[in-house]
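Okay, so here's the structure we're looking at.
The values are calculated or read from the model by the stated rules, or taken from the named source; none is laboratory data. Just so it is clear, the model here is predicted, and its values are computed rather than measured. We place every Cβ from the backbone using ideal geometry, glycine too, and count neighbours over all the protein chains shown.
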Amino acid sequence: MKKSFTYAPKPFKKMPKGIKELPVANAVYIPNTDKNGKKISSKEFKKRINETELFLLNIFGGYTTDELEHGEFISKLKKKVISERIARVLSFSEVGKFKKHRVELEKWLIKKKKEWNQETIAYEFEGDLFYI
């Protein structure tokens, strides 16, 4: 059996001609606050979204962005609930392309965590959420 990141069955009994499968789903959640819960400017928030979109476009070939109204998490640093606006940039990829770029993706996420002054960056992979 061919190993992959996803274990879902094919959507059609016989795949129609010309279908291209992109089974690896991953997303980056971008907050509009820093690690202290201080809101950043709308311009800076948009810049972070655009950086993420461009990065995922370049390594995986596409993205979709959702600006979510609200998100909360309990900060280990502040020992309180941080409430923030969130954007989710979602990208799908072929398995080979994901494997080729996953180290680059990991380094980018760690770099952005520091650059954006974040306690954590939420990264979704195949429906599972990871705090970087």
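Applying the set (1) surrounded by fewer than 16 Cβ atoms within 10 Å (Cβ to Cβ); (2) under 19 Å from Tyr131 (Cβ atoms); (3) modelled with pLDDT of 90 or more to Ala27 leaves exactly one unmet item: (1).
Within the stretch 78-95, residues that are within 10 Å of Tyr63 (Cβ to Cβ) sit with their Cβ atoms under 7 Å from residues that are assigned to a helix (DSSP H, G or I) and acidic (Asp, Glu), at 6+ positions apart or across chains, in these pairs: Val89/Glu53.
Would you check which residues across the stretch 90-125 are in a loop (DSSP other than H, G, I, E, B) and either of a type in the set (Gly, Ala, Ser) or closer than 23 Å to Ser42 by Cα (or both) and list them?
Applying the first criterion (in a loop (DSSP other than H, G, I, E, B)) to the stretch 90-125 yields 94, 116-121.
Within the stretch 90-125, Trp116, Asn117, Gln118, Glu119, Thr120, Ile121 meet the criteria.
Quick one: would you say Ala87 is in a strand (DSSP E or B) and surrounded by 18 or more Cβ atoms within 10 Å (Cβ to Cβ)?
Details: in a strand (DSSP E or B): yes; surrounded by 18 or more Cβ atoms within 10 Å (Cβ to Cβ): yes.
For Ala87, the condition - in a strand (DSSP E or B) and surrounded by 18 or more Cβ atoms within 10 Å (Cβ to Cβ) - is met.
Filtered by the rule that a residue be surrounded by 15 or more Cβ atoms within 10 Å (Cβ to Cβ) and touching a Leu at 6+ places or on another chain (Cβ under 8 Å), the stretch 61-84 gives Tyr63, Thr65.
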